[in-house]
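Student: Attaching a single structure in structure tokens format; questions to follow.
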Amino acid sequence: METITETITLGQNGPAVTPLCIGTWAWGDKLFWNYGNNYGADQLQAAFTAALEVGVTFFDTAEIYGFGLSEEFLGQFLQKTDKQVQIATKYGPVPWRFLGQSVADALTDSLKRLQLERVALYQVHWPFTFFMSQETLMNALADEVKRGRIEAVGVSNYSAQQMREAHQILAARGVPLAVNQVRYSLLTRHIESNGILQTARELGVTILAYSPLAQGLLTGKYTANSDNTPKDGRRIDSRFSKEGLQKLEPVISLLRQLGDKHDRTPAQVALRWLIDQGNVIPIAGAKTAEQVQQNAGALGWKLGDDEIKQLDEVSRRYK
């Protein structure tokens, strides 16, 4: 497989990263993904290596993933390569963290697990601030940019208004808001109608799209006529029921059709649709080398304008 060399800048002047990000929520997570059941550390190491081999060097994690295990795995794997890798991680604004110092402490712990001195991107996982104001939180993050421990500041799951507020506080410190990480896929297009996408474009904020394959629904692997159902936390999601899958058929069918035309899989077409929106980076979760190689097939080609329009039409109801 050819090595990917194209990059995209996070926000206005953040680090340059690959247009696809590898998501590591499942790395060590037993609660939702059954880590240790049908995949383990060896598979994760192979996934990491496979990503670097195809030139995808941007990974997204969080202190909460696997209760720190995800960061630890990345830290161990990073020790075995001399390639330039960009890591994005997240701070959890839980109620008992109410002083700016708790941001610095959480970052120190994340860096320790990652065995790094700085991360490319540090994001606030949820907009809940509880007892800490946005003011305190954003200023603590700006302090870390000045200290050189984070290159760029991001938020996650922020509304258009919350994003604007965070942007304003950071801007007063001369720090741009680089990213808003939100759920975005052909089956979850709310950010196009609730002002998030428009505000991000206006402020020069990059969208990191999590769940870009709708947790596997857009891979074409699950159909109403097959008995193939997920064995993990997804089994309680009604979209994976027979009725749910029947509703998705028009979207999956078009993805297959376009995939055949470009010699790509439905998943690769779905990821490419996001990339072709411009200033959007899909975070594709991967537990194995094969999944990484699959996801990387979204890079190095483009959908035609008419094909983007067709996909827009068929998934309009999900806006």
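Readers should treat all values here as calculations from the given coordinates under stated rules, not as data from a laboratory. As the structure is a computational prediction, the values presented were derived from the model and not from experiment. Cβ placement follows ideal geometry from the backbone for every residue including glycine, while neighbour counts extend to all protein chains displayed.
Student: Could you tell me the calculated FRET efficiency between Thr7 and Thr81, based on Cβ-Cβ distance and R0 = 22 angstrom, to the nearest 0.05?
Tutor: 0.75
Student: Based on the Cβ-Cβ distance of Glu313 and Gln198, what FRET efficiency does E = 1/(1 + (r/R0)^6) give at R0 = 25 Å, to the nearest 0.05?
Tutor: 0.80
Student: So, one more: Choose one of Thr7, Gln268, Phe98: the residue whose Cα lies farthest towards the positive end of the charge dipole of the chain (beta-carbon charges +1 Lys, Arg; -1 Asp, Glu; about the Cα centre).
Tutor: Highest projection toward the positive end goes to Phe98.
Student: Ok, one more. Apply the a/c threshold of 1.5 to the C-alpha gyration tensor of the stretch 1-113 and tell me whether it is rounded, prolate or oblate.
Tutor: Note, shape of the stretch 1-113 comes out oblate.
Student: Show which lysines lie in cross-link reach of Lys242 when reach means a straight Cα distance below 20 angstrom and same-chain residues fewer than eight apart are skipped.
Tutor: Lys221, Lys231
Student: Setting aside same-chain residues fewer than 8 positions from Lys302, which lysines have a Cα under 19 Å from its Cα?
Tutor: Reachable lysines: Lys261.
Student: Moving to a separate point now. What is the antiparallel percent of DSSP beta bridges lying wholly in the chain, to the nearest 5?
Tutor: Within the chain, antiparallel bridges account for around 10 percent of the total.
Student: Grab the beta carbon distance between Ala172 and Lys302, set R0 = 25 Å, and tell me the FRET efficiency rounded to 0.05.
Tutor: 0.05
Student: Label Glu290 and Gln257 with points 7 Å out from Cα along Cα→Cβ: what is the distance between them in nm?
Tutor: 2.9
Student: Here is a follow-up. Give me log10 I(q)/I(0) at q = 0.17, 0.18, 0.26, 0.30 Å⁻¹ for the stretch 263-307, Debye formula, one equal scatterer per alpha-carbon, no solvent.
Tutor: -0.45, -0.50, -0.97, -1.20
Student: OK, next. Which semi-axes, in whole Å and largest first, does the equivalent ellipsoid of the chain have when worked out from the alpha carbon gyration tensor as the square roots of 5 times its eigenvalues?
Tutor: Square roots of five times the eigenvalues give 31, 22, 19 Å.
Student: Looking at the chain, identify the longest residue range that excludes and avoids all GluC sites (Glu not before Pro) in DSSP loops having at most 16 other Cβ atoms within 10 Å.
Tutor: In short, 118-319.
Student: Now a separate question. Where a Cα-Cα gap under 21 Å defines reach, which lysines qualify for Lys80, not counting those fewer than 8 residues away within the same chain?
Tutor: In chain and number order, the partners are Lys112, Lys287.
Student: Can you tell me the relative contact order of the chain? Whole percent, Cα pairs under 8 Å, sequence separation 6 or more.
Tutor: This gives 20 percent for the chain.
Student: Helix 305-314 versus the longest principal axis of the chain: what angle, 0 to 90°, nearest 10, using Cα atoms?
Tutor: That works out to roughly 90 degrees.
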